[in-house]
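Right, one structure below, let's go through it.
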Amino acid sequence: MDESVRKRVPPGFRLELARHIQRKLSMKVRVESIGSVETVGGVDVAYMGSLAFSAAVTLSVDGRPLDACCTVSKAVFPYVPTLLSFRELTPMVRSFLCLGARPDVLMVDGQGVMHPYRLGIASHIGVSLGVRTIGVAKSRLYGIEHGDTVLDEHSGELIGRTVICGKRKLYVSVGHRVDLEGAVDLVKSLCVETRGLPAPLLAAHDMANRAKRSCIGLQLDRWGSATCVGCGRDPPGATRP
DNA sequence: GCGACAG
DNA sequence: ATCTTGTCGC
C-alpha cells in the first residue's frame, strides 16, 4: 500500500520508521470529555513556494480574538497523503508555542484519528504537546461515510463525523484528549457559515495568508526559520538581529 | 495494474 | 495547498 507513497518521499526517507512512529504515537491518543471550554485555538499553514507561513490564534468561545502569532519556516518535506504532519507539524508547533497561553482546546486544519495509521496531524500535535486537539478537515483521506458518520474501512469502528458548515462539509475527528461528540458540538457552535470553517481555523487561515502577502525581506536564520515582524514574541530558541 | 489521496 | 482566467455580487 506504500509503494506509491515511497515514490513521492525524499530519497533516503525511512518510510517504515515513519509508519512505526505513527503507530506508536497513535497508541498515546486519549479520548476524554473536553470539559469546560473558555478559549479555543486554531492553527493553519499557507505556502509560498517552499516557505511555510504558519499562524496560531486563540479566541474566546464567543468568538472574541484573544491572541495570535505567526512564524515562517522553510518547508523541508513535500506534501504526501498520510504524511502531512512530516511537512506541517514543525511550522504549526512553532507558531503555537508563540502564543502567550495555551488555549483549552486546539482546532487543527487536517485529520485527527481519521487516518490510516490513526495519527493525522491533529493527533500528532496533540500527543506531542499534550494538548487537547480536534481534527477539522475539508475533505476525506480515509474511512467510509455512512450518513454523517465515518467508519474505519477495515474495523468498522467510528472514527469521525461530518459536519455541514454553510456550503461545505467538514470532516471532524478526535485529535487528542477530546471526545467526538464534544468536538462536533464545538465545531458546530463556532461555524462561520459564510466561510465554511469554524472561527478559530478561519482566523488562522486568514492570518497565515496575510503573513504570506507581507513577507518581503524576511531574514531566515540558520534553520531556515524566522518570526514574522510584529508578532511581539519569539518562538523558543529564536534570535532576532 | 488502476484509482484514491488531509494540505 | 497553489496556479489562473473569468464571473458574480456587494
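The values are calculated or read from the model by the stated rules, or taken from the named source; none is laboratory data. Given the structure is predicted, the values throughout are model-derived calculations rather than measurements. Note that we place each Cβ from the backbone using ideal geometry, even for glycine, and neighbour counts take in every protein chain shown.
Output yes when any residue across segment A:96-109 is within 10 Å of DNA strand B (Cβ to nearest atom), more than 21 Å from residue A:36 (Cα to Cα) and modelled with pLDDT of 95 or more, and no when none is. Please lay out each step first, then the result.
So the first thing to find is which residues in segment A:96-109 are within 10 Å of DNA strand B (Cβ to nearest atom), and the list is A:108-109.
Still in the list and also more than 21 Å from residue A:36 (Cα to Cα): A:109.
Then drop every residue that is not modelled with pLDDT of 95 or more, which leaves A:109.
Scanning segment A:96-109, I find at least one residue that is within 10 Å of DNA strand B (Cβ to nearest atom), more than 21 Å from residue A:36 (Cα to Cα) and modelled with pLDDT of 95 or more, so the answer is yes.
Would you pick out the residues in segment A:45-66 that are in a loop (DSSP other than H, G, I, E, B) and either within 17 Å of residue A:198 (Cα to Cα) or away from DNA strand C (no atom under 16 Å from the Cβ) (or both)?
Looking only at segment A:45-66, we keep the residues that are in a loop (DSSP other than H, G, I, E, B), and these are A:49-50, A:61-64.
Of everything in segment A:45-66, those that are in a loop (DSSP other than H, G, I, E, B) and either within 17 Å of residue A:198 (Cα to Cα) or away from DNA strand C (no atom under 16 Å from the Cβ) (or both) turn out to be A:61, A:62, A:63, A:64.
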Residue set A:107, A:114; condition touching a residue at least 40 places away in the same chain (Cβ under 8 Å), surrounded by 18 or more Cβ atoms within 10 Å (Cβ to Cβ), in contact with a Ser or Thr (Cβ under 9 Å, 6 or more places away or on another chain) and part of a loop (DSSP other than H, G, I, E, B); output residue A:114
Sole miss for residue A:84 among (1) more than 15 Å from DNA strand C (Cβ to nearest atom); (2) of a type outside the set (Lys, Arg); (3) within 29 Å of residue A:158 (Cα to Cα) is condition (1)
The residue that is farthest from residue A:201 (Cα to Cα), considering only those in segment A:118-148 that are out of contact with any strand residue (DSSP E or B) (no Cβ under 6 Å at 6 or more places or on another chain) and of a type in the set (S, T, N, Q), is A:128
So, first residue within 15 Å of residue A:12 (Cβ to Cβ) and in contact (Cβ under 8 Å) with a residue 12 or more places away in the chain in segment A:69-87, second residue outside any loop (DSSP other than H, G, I, E, B) and of a type outside the set (Val, Ile, Thr), Cβ within less than 7 Å, six or more apart or across chains; the pairs are A:77/A:86; A:77/A:87; A:78/A:8; A:78/A:87; A:80/A:8; A:83/A:18; A:86/A:18
Among residues of segment A:122-148 being within 17 Å of the chain's Cα centre (by Cα) and away from DNA strand B (no atom under 15 Å from the Cβ), the residue surrounded by the most Cβ atoms within 10 Å (Cβ to Cβ) is A:132
Given the conditions (1) outside any strand (DSSP E or B); (2) among the β-branched types (Val, Ile, Thr); (3) crowded, with 17+ Cβ neighbours inside 10 Å, every one holds for residue A:21 apart from (3)
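Looking at A:158, A:151, A:170 in this structure, which one is surrounded by 14 or more Cβ atoms within 10 Å (Cβ to Cβ) and touching a Pro at 6+ places or on another chain (Cβ under 9 Å)?
On the way: A:158 fails: touching a Pro at 6+ places or on another chain (Cβ under 9 Å); A:151 fails: touching a Pro at 6+ places or on another chain (Cβ under 9 Å).
One residue alone meets the criteria, A:170.
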| request: Test residue A:42 against the criterion of being at pLDDT 95 or above and not in a helix (DSSP H, G or I), and give yes or no. | output: yes
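Looking for something of a type in the set (S, T, N, Q), over 15 Å from residue A:109 (Cα atoms) and modelled with pLDDT under 95 - is there at least one such residue anywhere in segment A:175-193? Can you show your working first?
First pass over segment A:175-193, keeping only residues of a type in the set (S, T, N, Q): A:189.
Next, from what is left, pick out any that are over 15 Å from residue A:109 (Cα atoms): A:189.
Narrowing the set further to residues that are modelled with pLDDT under 95 leaves none.
No, every residue in segment A:175-193 fails to be of a type in the set (S, T, N, Q), over 15 Å from residue A:109 (Cα atoms) and modelled with pLDDT under 95.
Scan segment A:148-204 for residues that are of a type in the set (S, T, N, Q) and outside any loop (DSSP other than H, G, I, E, B) and report the count.
Filtering segment A:148-204 down to residues of a type in the set (S, T, N, Q) leaves A:149, A:155, A:162, A:173, A:189, A:194.
Subset that is outside any loop (DSSP other than H, G, I, E, B): A:149, A:162, A:173, A:189.
Summing the residues that are of a type in the set (S, T, N, Q) and outside any loop (DSSP other than H, G, I, E, B) in segment A:148-204 gives 4.
In this structure, does residue A:131 turn out to be of a type in the set (Val, Ile, Thr), more than 19 Å from residue A:59 (Cα to Cα) and outside any helix (DSSP H, G or I)? If you could, list the steps in order and put the result at the bottom.
Working: of a type in the set (Val, Ile, Thr): yes; more than 19 Å from residue A:59 (Cα to Cα): no; outside any helix (DSSP H, G or I): yes.
No; evaluated as a whole, the condition is false for this residue.
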